[in-house]
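Heads up: the structure comes next, in structure tokens.
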Amino acid sequence: MVDVQLSDAEKVFILHGVQDNCREDGRGCEDYRHLEIETSVMSNTNGSARVRLANTDILVGVKAELGTPSPEKLNKGRIEFFVDCSANATPEFEGRGGEDLATDISNMLYRAYDCPNCFDLQQLCVIPDQQCWILYVDILLLECGGNLFDATSLAVKAALFNTSIPTVTVTKDEGVVDLEISDDPYDVQRLDMKSSPCIVTLSKVGHSHVVDASQKEECCTLARLIMGVTEKGTITALKKEGSGSLDPTSIEDMMETGRRVGESLNKCLMDALAEEERQGTKKKSLGFLR
Amino acid sequence: MIITHLNLGILLTRIWRSMVDVRIAGARSSTKPNVSAEISNLVTPGDVITADTGFMRGHGTYMEDEKLYASVAGVVERVNKLICVKPLKTRYNGEIGDVVIGRILEVGTRRWKVDTHAKLDSVLMLSSVNLPGGELRRRSEEDEKMMRHYLKEGDLISAEVQSLFSDGALSLHTRSLKYGKLSQGQLVSISPSLIKRRKTHFHNLPCGASIILGNNGYVWICPTINEEVEQTGGYEQNLEPIQKSDREVIARLRNCVLALAEHKMMLYDTSVLYTFEASLRYSVKETVKPEVMADIIEVAQQRLEREGT
């Protein structure tokens, strides 16, 4: 993880703050920081999104390619996650510095999406056993301000929402299967991604737990629980990280909080995405200049 | 006006319940006032400042084909024949006598390496700190062994710039009881060019918190320390829990400082205080939202123009 150094007194200050349910910026333990999304930010992708959660800045692009399905799931497509940590975010990422974090994040995303009733992979199937869409989800970390997992999953979900795949017509002619991919940019299909999970990270600070920990708070946590939650509150993946240990009862508490927060996170994200879509072409693209 | 506030109220209650606030980026800052028209001396890198050869080249500028160009984005400042560009976003360029906040990075032989948001790490010599107890004597080998006991990696200090090395690195000192190790509180980092130079950078605000506006863009906000307690240069730290009311004041101040920085306003005691007072109409949580921030800043700005000094 990207670490900042803190003095003991600062840590004590943060610890007591969490106990009092008044964090550094006045948030409660279950509040997220200010979050901004923007979709279709890159024209050369099938779908893209950018999420800015306070200082955490994440850009996601989705590319769809036709390929052969994997042998164990013949009637399903695939999603591949690739995370790239830009050295712009922090000099630590230079060279291979960000690789561990990148694998952590992509593994967590694989696990969160690897659940039969979250993201339906059958919709990516073109010809069973032969052809399917493979979605390459490329994630770029532009700035680190804590809570990378949650922000990444939100950006991925937003990008999937934005993704449109060209319509494919399959014609069978004397046993020869012919695929025709539509060139028309409006002849496309959207994905059904309503039930894809968001990741919620719960960090244990002192005796309480918080969601959306800032970098400073991440510095004070010894253990955290990362979970994938769908809009219905299904927990699709669970992972414990950090050197500290967690009490079974506190894990239950944290899961309950995570489920609750995850539900409202999913709902708010979908609301915002729907709102953005309603604005259509009228919306002003913001780009990367601040 | 009333209608917009009502709308805002409805919006905010909705957010409060849902705990999560997802916004569309395009909706942001659509009504930002166009101030760039007012600032005529704002330049970007590569802009010609003057073609007149009678001027001297200062910081942030370069000469080419007998024309003076800006090398950074910022505001042009002229002192007689010297032209400089003061960058909007910059690392800290130290000057002797500045009050800075720094974080200890490394404990070395007879010196500490300190991060002050300057281009190079600053140096705090063992001989330029007050020893605990305030003894004045030559630093012995014993003191050298105790260095990590005094200040260790990650500790925050307030200090003054004592001198500049030839490479531009700063040498700090804490030889006054007002400087030294910082205890409980919050550090906020903003652009150094937004800190207004004042006689004093230590302020006990009437709202119940103290603020140190470091010239290097680091702002320290902490609960007001009782003056009667003997100042020890921060070696004795009070790690007792802080009252929730104080904590809220600190959080609010932090949000105000960030709001000022976000809107590129100069920071000094009055501007911080006015912003704080303008923010009291909202709850602490709400003050991080961009539209609330803009509203607070506007109110504070108007008040500054009216009665500010």
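No lab work stands behind these numbers, since they all come straight from the coordinates. On a predicted model such as this, the values are computed, not experimentally measured, just so you know. Positions of Cβ are backbone-derived with ideal geometry, glycine not excepted, and every protein chain shown enters the neighbour counts.
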Scoring the stretch B:235-309 by relative contact order with C-alpha pairs under 8 Å, at least six apart, yields a percentage of 32
Summing -39500 (n - 2.57) over every DSSP H run of at least 4 residues in chain A and dividing by its residue count gives a helix-only mean residue ellipticity at 222 nm, to the nearest 500 deg cm²/dmol, of -9000 deg cm²/dmol
Each residue of B:154-162 has, on average, a number of other protein chain C-beta atoms within 10 Å of its C-beta equal to 2
With only helices counted (DSSP H, runs n ≥ 4, each -39500 (n - 2.57)), the per-residue ellipticity at 222 nm for chain B, to the nearest 500, works out to -7500 deg cm²/dmol
Amide H proximity to B:T50 below 5 Å, modelled H, separation 5+ or other chain, gives B:L68
Once both label points are put 7 Å beyond Cα along the C-beta direction, the A:D173-B:E307 separation in nm becomes 8.4
About its Cα centre, chain B carries a charge dipole, from +1 on Lys and Arg Cβ atoms and -1 on Asp and Glu Cβ atoms, whose size in debye to the nearest 20 is 380
Per the 1/(1 + (r/R0)^6) rule, R0 = 30 Å and r from the Cβ atoms of A:E275 and A:L142, FRET efficiency to 0.05 is 0.80
Ranked by GNM mean-square fluctuation in chain A (Cα springs under 10 Å), the top entry among A:V62, A:V188, A:V229 is A:V188
For B:D65 and B:R138, extending 7 Å from Cα along the Cα-Cβ vector and measuring point to point gives, in nm, a value of 6.3
Applied in sequence order to the stretch B:207-224, the curve 6.51 cos²θ - 1.76 cosθ + 1.60 (Karplus, θ = phi - 60°) yields integer Hz couplings, x standing for Gly and Pro, of 7, x, 9, 10, 9, 10, 9, x, 4, 8, x, 8, 10, 10, 10, 8, x, 5
Residues whose built amide H sits under 5 Å from the amide H of B:G217, excluding neighbours closer than 5 in sequence, are none
Per GNM of chain B with C-alpha springs under 10 angstrom, the most fluctuating residue out of B:S158, B:S127, B:S279 is B:S127
Once the dipole of chain B is set up from charges on Cβ (+1 Lys and Arg, -1 Asp and Glu), the residue from the list B:V292, B:L253, B:Y235 lying farthest towards its positive end is B:V292
In terms of the charge dipole of chain B, which places +1 on Lys and Arg and -1 on Asp and Glu at the beta carbon, the residue among B:V107, B:Q301, B:Q184 farthest towards the positive end is B:Q301
Restricting to Cα pairs under 8 Å and 6 or more apart, the percent relative contact order of chain A works out to 20
Along the dipole axis of the stretch A:58-174 (charges at Cβ: +1 for Lys and Arg, -1 for Asp and Glu; origin at the Cα centre), the most positive-end residue among A:S106, A:W133, A:V156 is A:W133
Taking Lys and Arg as +1 and Asp and Glu as -1, residues besides B:T174 with C-beta under 11 Å from its C-beta add up to +2
Expressed in nanometres to one decimal, the distance between label points 7 Å along Cα→Cβ at A:E92 and B:F165 is 2.6
Output field shielding_mean for A:16-29 (other chain Cβ, 10 Å radius) holds 6
Ranked output for segments B:254-262, A:35-43, B:236-244, B:139-147 by mean other Cβ atoms within 10 Å, highest leading, reads B:254-262, A:35-43, B:236-244, B:139-147
Toy charge model, Lys and Arg Cβ at +1, Asp and Glu Cβ at -1: chain A dipole around Cα centroid in debye, rounded to 20, equals 460
Reduced to Cα centres, the span from the stretch A:14-65 to the stretch B:246-309 in Å works out to 24
Gyration tensor on Cα atoms of the protein assembly as shown, a ≥ b ≥ c root eigenvalues, a/c under 1.5 rounded, else prolate if a/b beats b/c, else oblate, says prolate
Length-normalised contact order of the stretch B:42-87, Cα under 8 Å, at least 6 apart, in percent, tallies to 42
Answer in debye to the nearest 20: the dipole magnitude of the protein assembly as shown about its Cα centre, from +1 Lys/Arg and -1 Asp/Glu charges placed on Cβ, is 1520
Where a ≥ b ≥ c are root eigenvalues of the Cα gyration tensor, a/c under 1.5 meaning rounded, otherwise prolate if a/b exceeds b/c and oblate otherwise, chain A counts as prolate
Among A:K216/B:K86; A:K11/A:K239; B:K152/B:K264; B:K199/B:K289; A:K240/B:K152; A:K216/B:K113, the pairs whose Cα-Cα distance exceeds 29 Å are A:K216/B:K86; B:K152/B:K264; B:K199/B:K289; A:K240/B:K152
If amide H atoms are modeled at 1.01 Å from N in the peptide plane, then the residues at a separation of 5 or more from A:D31, or on another chain, having amide H under 5 Å from its own are A:V211
